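Before anything else, here's the structure in question.
Computed from the coordinates by the stated procedures, all read-outs in this text should not be read as laboratory data. Everything numeric here is computed off the predicted structure, so don't read it as measured data. Ideal geometry is used to build each Cβ from the backbone, glycine not excepted, and the neighbour counts take in all protein chains shown.
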Amino acid sequence: MSTTTKKELIDRITQSTQAKRALVKATVQDFLGEIISELAKGNRLEFRDFGVFEPHDMTAHQGWHKTRRLSNESMSQARK
């Protein structure tokens, strides 16, 4: 699986539409900005035949790293 950058998408859209690159870049950036803005407000975005974007609370994952580190330290001490 490869990675496609925003620049590559802009270049493809520019080529396929024959629009000015600056206009395509501004449009793509505005579109992504609107997605970010809506998610920041807690709104769910649905694009038919594409997918759904919804905000998630990431705070639940913070304790896992500490717990994992503590269990590794406990195991290291037990081996001594």
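Setting aside same-chain residues fewer than 8 positions from LYS41, which aspartates and glutamates have a Cα under 12 Å from its Cα?
LYS41 reaches GLU54.
Excluding same-chain residues fewer than 8 positions from LYS6, which aspartates and glutamates have a Cα within less than 16 Å of its Cα?
Once the sequence-local aspartates and glutamates are set aside, what remains near LYS6 is ASP30, GLU34.
Tabulate in residue order the Karplus-calculated ³J(HN,Hα) for the stretch 2-10, using 6.51 cos²θ - 1.76 cosθ + 1.60 with θ = phi - 60°, rounded to whole Hz; enter x for Gly and Pro.
Values, residue by residue: 10, 9, 10, 8, 4, 4, 5, 4, 4 Hz.
Starting from the Cα of HIS56, step 7 Å along the direction of its Cβ; do the same at VAL28; then give the gap between the two resulting points in nm.
Between HIS56 and VAL28, the label points sit 2.5 nm apart.
Counting other Cβ atoms within 10 Å of each Cβ, which chymotrypsin sites (Phe, Trp or Tyr not before Pro) in the stretch 15-51 have at most 15 and sit in a DSSP loop?
Details: sites: PHE31, PHE47, PHE50; in loops: PHE50.
Within the stretch 15-51, the qualifying chymotrypsin sites (Phe, Trp or Tyr not before Pro) (loop, at most 15 other Cβ atoms within 10 Å) are PHE50.
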